[in-house]
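Read the structure below first, then the notes.
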Amino acid sequence: MGLARRGAALTGALAIVLTSATCGGARARLVSGAHVPGGAWAASLFQRARAGAGGRHLARVRPDGDRATRPVRRQPAAVPLASLVLMLDGVPWSVMDSLHGAGHFRGFARPSAVLSPFPSLTTVAYRDIWRESPTPGYEDRYFDIAQNRVRGGAWDVLSGREAQEGFHRHVDIEGAVLVSNLAYAFPQTLAAAEVNEVRDGIAAREGHDSVLVAYICTTDAVAHHQGRAALVAMVLRIEALVDEVRSRHPGLRVDIMSDHGNDFVPSHQLPVEADLARAGFRLTDRLERPGDVVVPRFGLVGSAAFYAAPQDRAGLIRALTAAEGVELAIWAEGDAVEVQGPAGRARVDADAGAGRLRYTPETGDPLGFERVRERLRASGEMDAAGFAPDSAWLRESLATPFADALRRLLVAFRGAVRNEATVLVSFAPGGHFGDTLGDRLARMLGTHGSLRSASSTAFLMSTAPAAPLVLRSDEVLAYLPRAVQGTGVHYAAGAPALARGASPTAAQR
């Protein structure tokens with residue numbers, strides 16, 4: 001490759017840093033428009049960068065105690081590895097359950113289905129799993145309401161700041177920034193590279209740590225751009241890694257989990273900006289004039305967060321519900337949440353104790369929950385006011401397209417993030433929204449982010465005794481090794497819960 005071509009390719013590749021699709025906060029965006037070559041060159045770039053780091057592995061292998069907020073788990077030398085927690089990005093429960101049923105992952109209990117928060121995105125999902133405090137936004141590129149500007153994004157990823165905050169502080173071993181940034185351009189090549197780096201990282205820590213937490217993000221890139229079959233192949237590569245580590249450590253406990261699902265429906269960019277423009281709105285980075293709307297673009301996903309001035313909210317809701325591909329528009333109305341889509345409008349609220357929820361269709365039935373309501377009435381679990389136990393709504397909604405929707409919608413507007421959207425949108429399957437430049441990288445063969453069950457159902461699987469067959473993401477930590485359970489903040493004041501500022505109780509679950 002000539003010097004000029006290499007320079008152009010490197011410029012294009014390293015410019016992929018903002019919004020192709022999300023991977024634990026790291027993102028990709030083709031900014032320069034330069035041609036980015038594939039496969040072999042990507043591997044070469046990875047190896048050159050690794051060599052340029054003085055031969056050190058690019059995996060972020062962190063010594064414990066390197067930050068004041070990180071619990072110290074370092075053990076004396078020659079301590080056998082007792083537990084490995086492996087975090088995967090974007091692997092649906094359906095994939096893991098089918099593989100387990102086919103005889104893979106021997107020694108593991110059947111995977112539990114884990115229901116993600118809404119929007120079903122990595123930052124909020126793994127925040128929930130690790131019981132961290134609310135993040136500034138739904139992903140690392142977010143709108144700061146007080147500062148009236150979009151913050152985060154590329155610099156936080158490249159500087160490593162993003163890796164020091166939120167769920168990343170619990171991770172001992174993860175792929176290099178270079179890998180996560182380029183994964184959406186070269187998913188298959190860099191997926192193999194990341195698995196190898198994690199393998200090397202585990203080997204480097206063996207004999208020194210009794211518990212290790214590793215994170216693999218390229219599974220999400222493979223799912224987005226190469227589809228289910230390619231993701232299955234990558235998961236089998238991860239199975240081989242797990243078997244290798246287990247062979248060296250008899251009796252090793254292994255826990256594997258993911259953050260959200262993937263619908264595996266090919267999707268295209270929706271003309272949201274054009275639809276809003278026809279309604280008199282402008283997408284911008286600040287709210288300065290009537291009609292201004294801010295929407296951080298953080299990937300090609302099935303949801304979006306819209307911010308507008310109070311006087312523009314009603315008009316924005318009307319415009320979004322009429323926009324192509326919008327399945328649901330969701331917003332807070334006092335302590336309740338309103339949901340509107342082509343099938344109608346409904347209100348979701350909780351009683352004073354937040355242990356009983358209610359779904360009240362106002363016009364039509366946007367979630368298709370009328371049969372759920374009928375079953376709850378027939379069982380005697382729904383009272384005369386329409387409230388039923390949270391656990392009953394969960395049970396009866398599992399087989400619907402919107403599993404656990406009531407609680408997930410309420411939590412989305414009760415402190416899930418510090419900068420809550422004016423309106424959240426869940427797009428119908430087949431549509432996504434984000435930076436249009438990201439569409440140039442590859443065709444989208446599936447995505448996540450929406451309220452739908454396929455996008456939102458992750459998994460937990462362990463060699464330890466099985467967890468319940470269905471869990472909410474904020475219940476996962478209790479089923480992980482005790483050595484990592486003390487690392488979460490366990491919903492400090494102001495963190496998401498049905499009762500504002502309170503921890504979820506058994507009654508709420």
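Tabulated data
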quantity: Residue that is over 20 Å from the mean Cα position of the chain (by Cα), at pLDDT 95 or above and surrounded by 20 or more Cβ atoms within 10 Å (Cβ to Cβ), where the choices are 453, 462, 473; calculated: 462
quantity: Some residue of the stretch 206-214 being modelled with pLDDT under 95 and among the acidic types (Asp, Glu); calculated: yes
quantity: For residue 189: the one exception among (1) assigned to a helix (DSSP H, G or I); (2) in contact (Cβ under 8 Å) with a residue 12 or more places away in the chain; (3) surrounded by fewer than 21 Cβ atoms within 10 Å (Cβ to Cβ); (4) not hydrophobic (A, V, I, L, M, F, W, C); calculated: (3)
quantity: Residue 256 vs. criteria at pLDDT 95 or above, of a type in the set (Val, Ile, Thr), under 21 Å from residue 122 (Cβ atoms) and outside any helix (DSSP H, G or I); calculated: yes
quantity: Some residue of the stretch 100-108 being surrounded by fewer than 22 Cβ atoms within 10 Å (Cβ to Cβ), over 26 Å from residue 479 (Cβ atoms) and either more than 20 Å from the chain's Cα centre (by Cα) or in contact (Cβ under 8 Å) with a residue 24 or more places away in the chain (or both); calculated: no
quantity: Matching residues, the stretch 198-219, being closer than 23 Å to residue 262 by Cα and part of a helix (DSSP H, G or I); calculated: 218, 219
quantity: Counted residues, the stretch 239-297 - those being acidic (Asp, Glu) and buried (at least 21 other Cβ atoms within 10 Å of the Cβ); calculated: 3
quantity: Strands (runs of 3 or more DSSP E) contained entirely in the stretch 337-410, each with at least 1 residues that are closer than 30 Å to residue 324 by Cβ; calculated: 344-350, 356-364
quantity: Set 357, 394: member being within 30 Å of the chain's Cα centre (by Cα), closer than 19 Å to residue 332 by Cβ, crowded, with 17+ Cβ neighbours inside 10 Å and at pLDDT 95 or above; calculated: 357
quantity: Number of the condition not met by residue 402 [criteria: (1) over 25 Å from the mean Cα position of the chain (by Cα); (2) crowded, with 21+ Cβ neighbours inside 10 Å]; calculated: (1)
quantity: Hits in the stretch 138-164 (condition: modelled with pLDDT under 95 and part of a loop (DSSP other than H, G, I, E, B)); calculated: 138, 139, 140, 141, 152, 153, 160, 161
quantity: Test for residue 285: is it within 24 Å of the chain's Cα centre (by Cα) and under 29 Å from residue 213 (Cα atoms); calculated: no
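The values are calculated or read from the model by the stated rules, or taken from the named source; none is laboratory data. Every value quoted in this text rests on a predicted model; they were computed, and no experiment measured them. Positions of Cβ are generated from backbone atoms using ideal geometry, with glycine treated the same way; all protein chains shown enter the neighbour counts.
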